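Presented below is the structure to which this report refers.
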Amino acid sequence: MKDNPVILSAIMGIPVGLGYIFGTENIVAAFGGETLWASRIFGFVTGVLTFSILTYFHIKEGVNLKTAVILVLASVIVTLQVFWKIDD
């Protein structure tokens, strides 16, 4: 599989795509089913946190002040998204 990444991408594309679709559906349902913005922001923050952790472990890139501030802001965004409910 390492010799032909196109085949690996074709094989893994369907399960990953379905996982993304069902994950988005579950996040929208968890936030009341009223908006897609919650899943978009949640996905962005999850990506930032995952990227920071993986670059630390695989490339040994440390967390500088700028990255630390971004991680704190990402955590604040997720906290607001989960706990701040708007009553209509």
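Any read-out appearing in this document is the output of simple, stated calculations on the displayed coordinates, not a laboratory observation. None of the values given here were measured: they were computed from a predicted structure. In this analysis, Cβ positions are derived from the backbone assuming ideal geometry, glycine residues included, and neighbour counts consider all displayed protein chains.
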* Asked: Mind checking which pairs have a first residue in the stretch 4-31 that is without any contact (Cβ under 8 Å) to a residue 60 or more places away in the chain and a second that is aliphatic (A, V, I, L, M) and exposed (fewer than 10 other Cβ atoms within 10 Å of the Cβ), Cβ under 8 Å, 6 or more apart or different chains?
  -> ILE7/MET1; LEU8/MET1
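Out of everything in the stretch 35-67 that is outside any helix (DSSP H, G or I) and of a type in the set (S, T, N, Q), what residue ends up being farthest from GLN81 (Cα to Cα)?
To start, the set of residues in the stretch 35-67 that are outside any helix (DSSP H, G or I) comprises 35-36, 60-64.
Filter once more, keeping what is of a type in the set (S, T, N, Q): 35, 64.
Numbers: THR35: 12, ASN64: 26 Å.
Of everything passing the filter in the stretch 35-67, ASN64 is farthest from GLN81 (Cα to Cα).
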* **Residue check, LEU80 surrounded by 11 or more Cβ atoms within 10 Å (Cβ to Cβ) and of a type in the set (A, V, I, L, M)** => no
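Please pick out the residue among ALA30, ALA10 that is within 19 Å of ALA74 (Cβ to Cβ), more than 11 Å from the chain's Cα centre (by Cα) and among the small types (Gly, Ala, Ser).
Values: ALA10 fails: within 19 Å of ALA74 (Cβ to Cβ).
It is ALA30.
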